[in-house]
Amino acid sequence: MSDLIDVPRGLNGVVAAETSIGDVDGDAGFFHYRGHSAVELARTRTVEEVWHLLVLGHLPDAAQSAAFAERIARTQRDERMPELVAGVTARADEPLAVLRAMWTLAASVRRSAALYDLDDATRIDEAIAFAALAPLALAPRFTPTGRGLASDYLERVTGRRPDEAHVRALTAYLVATMDHGFNGSTFTARVIASTGADMASCLCGALGALAGPLHGGAPARALDSLDRAGDDPAAWIAAELDAGRRLMGFGHAVYRTADPRSELLRGIAEGFGGERVARAQAFQREAERQLAARRPERPLHANVEFFAAVVMEQCGIPRTMFTATFALARTIGWSAHVLEQARDAKIIRPSARYVGPAPLVSSGARAR
């Protein structure tokens, strides 16, 4: 084909679509949701309020907040869902596997249609409903209490009523990670949505992308690194870098300065204090020092995964639930992107440049 356009590996810097959901300025270290500073939203707003902003387009007033919370709870109180969740968890115990199965079965129970065949109001209903199902699948016996998603999720995951500091910390994490440009999982959701598929298919595809260790699987690995480094992070970090291995929780594809999400979560961790947080701070300083010495042309800072792991651990969330908790937040952003992509009739269909062996063509075919 003569009209192919070469682009960077990984599509870095390539504009694939337009969005009004949010944007990331990697040079300035800033990102926003529909014009609102995402870090400021994480500090001051609830999960439900920012969910409303991403999916419905604006921050709600008090009456709209109450109506939206009830809209979420209606799906979560659906009498068919507990039996569905119990059936899935009886056969699977890995959180992301449970969520994938839950969405797939819920699509059948709800008789979800292809987005292509739905009007916009029904698509929005689907987006809210399937995101509302996520905590039911991820947190055992999740029940909405009226105290908010962050509080209810923490109570079910940790087995105890959380204090306000932990609820506020988890709220900040969930809000700060709902959306972040065209990352791998979000782009996957949009590719599937561009085919006109149903909401569950879009979200399951995104979840598959998030599960990778270079995406949503990183926080637990970052905490593993902190454990392995022990009392001598300098030696451990040097050995990892000498071996050519990646330091999980450091570096980012977009940011050329400090990750604002990491800065937010580091501040929250420092508020908790304690030996664990002090070790994390020491590890960060040493990792960034060694990375800067080895790659002075490309500063690599702690990204969101590193201090996210520390904050989730401080809140009592087990390491096995780190990626699931990330998925809980990102599901809301995925659903907003699916809605936006579904309004565009153009299917996403890039090309590839073939570099394999030449086609095997018979002499008869060549003669013709």
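Summary table below
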{"quantity": "Correct option for Cα extents along the principal axes in Å [calculated from the coordinates] among (1) 55, 49, 38; (2) 75, 45, 34; (3) 79, 56, 43", "calculated": "(3)"}
{"quantity": "Overall dimensions of the range 83-210 as given by Cα atoms, namely Rg and Dmax in Å", "calculated": "15.4, 45"}
{"quantity": "Net charge of Cβ neighbours under 15 Å - reference Thr320; Lys, Arg +1; Asp, Glu -1", "calculated": "-2"}
{"quantity": "Span-like helix ranges in the chain, DSSP H, alpha carbon extent 27 angstrom or more, Kyte mean at least -1.0", "calculated": "120-138, 322-342"}
{"quantity": "Gaussian network model of the chain, Cα within-10 Å springs - most flexible of Gly333, Gly13, Gly87", "calculated": "Gly13"}
{"quantity": "Assigned charges on the beta-carbon of Lys, Arg, Asp, Glu; the range 13-167 dipole about Cα centre (debye)", "calculated": "640 debye"}
{"quantity": "Of Ala220, Ala189, Ala106, the one that fluctuates the most in a GNM where the chain has Cα springs shorter than 10 Å", "calculated": "Ala106"}
{"quantity": "Magnitude of the charge dipole, the chain, Cβ model with Lys/Arg +1 and Asp/Glu -1, debye to 20", "calculated": "860 debye"}
{"quantity": "Per residue, in Å², the accessible surface of the chain once ligands and nucleic acids are set aside, probe 1.4 Å", "calculated": "48 Å²"}
{"quantity": "Approximate spin-label separation Arg276-Asp227, in nm, with each point projected 7 Å along Cα-to-Cβ", "calculated": "1.1 nm"}
{"quantity": "Proportion of all alpha-carbon pairs of the range 239-368 beyond 20 Å (%)", "calculated": "64 percent"}
{"quantity": "Euclidean distance of C-alpha centroids, the range 32-94 and the range 268-343, integer Å", "calculated": "22 Å"}
{"quantity": "Mean separation of Cα contacts under 8 Å (6+ apart) over length of the chain, as relative contact order %", "calculated": "23 percent"}
{"quantity": "Largest to smallest accessible area among Leu214, Leu4 [probe 1.4 Å]", "calculated": "Leu214, Leu4"}
{"quantity": "Farthest positive-ward along the chain dipole, Cα basis, beta-carbon charges - from Gly29, Ala107, Met312", "calculated": "Ala107"}
{"quantity": "GNM result for the chain, Cα springs below 10 Å: residue of Thr89, Thr331, Thr320 fluctuating most strongly", "calculated": "Thr320"}
{"quantity": "Between the range 14-31 and the range 190-215, the alpha-carbon center distance in angstrom", "calculated": "20 Å"}
{"quantity": "Accessible surface of the chain [probe 1.4 Å, protein heavy atoms]: carbon and sulfur percent", "calculated": "52 percent"}
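The values are calculated or read from the model by the stated rules, or taken from the named source; none is laboratory data. Please read these numbers as outputs of a predicted model, since none were measured by experiment. When we count neighbours, we look across all protein chains shown, and the Cβ atoms used for this are built from the backbone with ideal geometry, even at glycine. The accessibility values were calculated without ligands, DNA or RNA, using every heavy atom of the protein model including side chains. Shrake-Rupley method; radii C 1.70, N 1.55, O 1.52, S 1.80 Å.
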